[in-house]
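The structure appears below as structure tokens.
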Amino acid sequence: PELSFLFVARSIGYVLGSLLGGVIFDRVDVTHAPLVVGNLLCALGCATLPSLSALPSLAAAISTQGACMGLLDTGGNVLLIWLQGPTRVEPYMQAMHAAFAIGAVASPLFIEWALTELRSFAPAFYSIAAFLALCSLPL
């Protein structure tokens, strides 16, 4: 029952990150900077999760990761609309959300593989964190 609080913590972080993202993207001129920071913080959170065992620190890390995900989702949507315009954005928005769906399916499969083959989920988290950090390079 205590671990179910982690879902609430991530959701609260996500909502706050989405709200903060809206404010940030309304006020900054260099819109890629918040995306890079959010992506790197998300990667850092993913890399630290396997080492945390206390519920409060785990909840703080997951909530921070949720805030970064909310910021990234809001920023990605806003930037896509700004780049393509409101009349041409639909196929690009669908493609971006399809990529999210691929990640949502692949990540649990990757973690299950790591648990089965490597007997630990930590290498999967580290690999996902490295992938997220690499995704910051083009930004």
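The values are calculated or read from the model by the stated rules, or taken from the named source; none is laboratory data. Since we're looking at a predicted model, the values are computed, not measured. Using ideal geometry, Cβ is built from the backbone for each residue, glycine included, and neighbour counts are taken over all protein chains shown. Protein only, heavy atoms only, side chains kept; ligands, DNA and RNA dropped before computing areas. Shrake-Rupley method; radii C 1.70, N 1.55, O 1.52, S 1.80 Å.
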| task | Report the calculated FRET efficiency for residue 55 and residue 100 (r = Cβ-Cβ distance, R0 = 25 Å), to the nearest 0.05. | result | 0.35
| query | Distance in nm between label sites at residue 93 and residue 135, each 7 Å beyond Cα in the beta-carbon direction? | reply | 2.0 nm
| Considering the chain, which cysteines have no disulfide-compatible partner, defined as another cysteine with its Cβ under 4.7 Å away? | 46, 135
| remark: Looks like the stretch 4-70, by Cα gyration tensor root eigenvalues a ≥ b ≥ c and the a/c under 1.5 rounded cutoff (else prolate when a/b is bigger than b/c, oblate otherwise), is oblate
| Sites residue 33 and residue 3 - FRET efficiency at Förster radius 41 Å, r taken between beta-carbons, to 0.05 | 0.75
| Counting Lys and Arg as +1 and Asp and Glu as -1, each charge on the Cβ, what is the dipole of the chain about the Cα centre in debye, to the nearest 20? | 80 debye
| query | When only the heavy atoms of the protein chains count and the probe is 1.4 Å, how do 29, 73 rank by accessible area, highest first? | reply | 29, 73
| field | Heavy atoms of residue 12 accessible to a 1.4 Å probe, total area in Å² rounded to 10 | value | 90 Å²
| So what is the 222 nm mean residue ellipticity for the chain from helices alone, if each DSSP H run of at least 4 adds -39500 (n - 2.57) and you divide by all residues, rounding to the nearest 500 deg cm²/dmol? | -28000 deg cm²/dmol
